[in-house]
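Remarks on the structure that follows.
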Amino acid sequence: MLEKINNPADLKNIPLEKLPELAQEIRQRIISVISKSGGHLASSLGAVELAITLHYCLNTPGDKIIWDVGHQAYAHKILTGRNKDFDKIRQFGGISGFPCATESAYDPFTTGHSSTSVSLALGMVAARDLGHHTEKIVAVIGDGSLSGGMCFEALNNAGHIKADLIVILNTNEMSISPSVGALSNYVNKIISLPVYNRVKAAVENFMKLRIPRIGPRLAKLAERFEEILKGLIVPGIFFEELGFRYFGPFDGHNIELLVSNFKNITSLKGPILFHVVTTKGKGYEPAEKFPDRFHSTPKFDMQIKDYYWEVAETEESYTDVFSRHLAKLARDNPKIIGITAAMAQGTGLDLFASKYPERFFDVGIAEGHAVGFAGGLAKGGYRPFVAVYSTFLQRSFDQIIEEVCLQNLGVVFCIDRAGLVGQDGPTHHGIMDIVYLRNLPNMVVMAPSNKEELKLMLDFAASYNGPLAIRYPKHKAAQSEKTPSPIELGKSEIVAEGKDVVLLALGSMVETALEARELLLRENINAQVVNARFVKPLDELSIEQLANKYEFIFTLEEGNIEGGFGSAVLEYLERSSFKRWDSAKRKFFRLYNFGLPCQFITFGKREELLGLYGLLPEQIAKKITNLTKKGS
């Protein structure tokens, strides 16, 4: 059946009783492709029936579906004309692993962060109503995303203005058996039927208009009775109090049940909460057993049920180094606290949690709260380490300023996935943190070039009395050929001597600079390589000395050039008394920045993306050779 579906219109030609077979075909397609390429498997397998139901009942792309985060939308992509390209998902030049507005009319927004769908949908509802249009707007959100404050703000606003909005809550952390049964299904079927709602509305209007004094009281009494009845048998009273009409929970893998009930509620007015309960990894036993490990998985052998243990990467990553060393520090320092926003395993804090559960806090998907919470702990005399992906740290920018930097509190930000993260694409690259963190008063920003240096920086951070951030990449941790020198605040380190030019590199680009240096030697260019270590404070004395000694300085960073590390170096030289013109040598000093442009970077393997923007060692060496040999 799947081969015959090129768009949702084709889906509507399939009889309802055949849809479970289609769901199975889609599942097999997803498993087959992701086993070869990697991707977000468990969440997408859990949402197959839901995606089918939505496109079966709605008229997309006229009607709009906004998937929160979007890592559960693989079935949606397959049903909306992208099945032919699904083998290239998350690959350079292929299709995105998340909804992408430039990729398909069926994706209203490019998404990748959580808790945003209800706000976006409510804005589209307001635009629809102002334009006197009639399309349906549906937001799909998971239970994990409910912990984000933005979601609650939007739910509160939608209930207040009585917007005609459908929110689908997909939960997979609660038991399905107590609440999804004959009685619950029967009651939900009754209260979702159009005839029931027409009669209910008619009776309410009659009592209010024809019996002006007693009517309203009877109407409120009847409404209150319905709330009590639903509160006894279904868990939706919270949403009802927010102003939503609640329906559910429904078995999220029973397509016939989903279709019949969802069709009923699409004609209702006001904000609707449609609750489904699904199983992450549905249809693939290892993913059902280990949904956290299959959330975002590398490629795997479908025939090995416990495959993850067979193909797990053995090379030590920066995350691994951070995980083990922080646990070691916490053993000797009872004041160290570990904080994460629903990413304990991804950030490596799961080891800390297992060893020191009383000092570990997972605040859910609430990065702003995580930072504010850390500020309170720091004020109370503790040393909180907030482990967070670079892309998600962006969500807490105000709290970093107001609750940490303004108070000058000793909060340590351990920024994982800094730089290019590869196949998750523009919503997940960590290329903006240097730009916004280096402009904050009291903030110290560091970047290790190898795993031993990361340990030294963690040691330094544990005793530093003020806000401090350490950014490190996703990939394998580099191994230092020699023992790094001790960390001194704002001090860089020379890692290779040279006499012709200087490569002033930050973090992950130090290794690249050393490789470029070897290539430059073949061109008779002897480059000195300096490991900057600090974005803020800069090693100003060293920079000025280098600028006075060398005609060329090249800065290298895995982040945005505009406002980044190289910009900081240039800004310092502009502020200082340094002169560009050397009258004795009759030459200008030149500063050239290597980094990423101020663009949203596409998805692809890290090496492919570095090559796209001229940041591979051979590209850097060629550029330096051309610039220096021109002599002008």
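Rule-based calculations on the coordinates, nothing more; no lab input. Since the model is a prediction, treat every value here as computed from it, not as a measurement. Cβ placement follows ideal geometry from the backbone for every residue including glycine, while neighbour counts extend to all protein chains displayed.
Figures for the structure shown
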item: Rounded tilt (10° steps) of 19-37 against the dominant C-alpha axis of the chain; result: 10
item: Dmax and Rg, reported as Rg then Dmax, of the chain (C-alpha, Å); result: 28.1, 100
item: Reciprocal mean inverse distance between Cα atoms of segment 494-630 - Kirkwood radius, Å; result: 15.2
item: For F552, distant residues with modelled amide H under 5 Å away; result: V502, R590
item: Ascending count of other beta-carbon atoms within 10 Å, so fewest first, for L570, L538; result: L570, L538
item: Long-range amide H partners of A469 with built H, under 5 Å; result: F413, V444, V445, M446
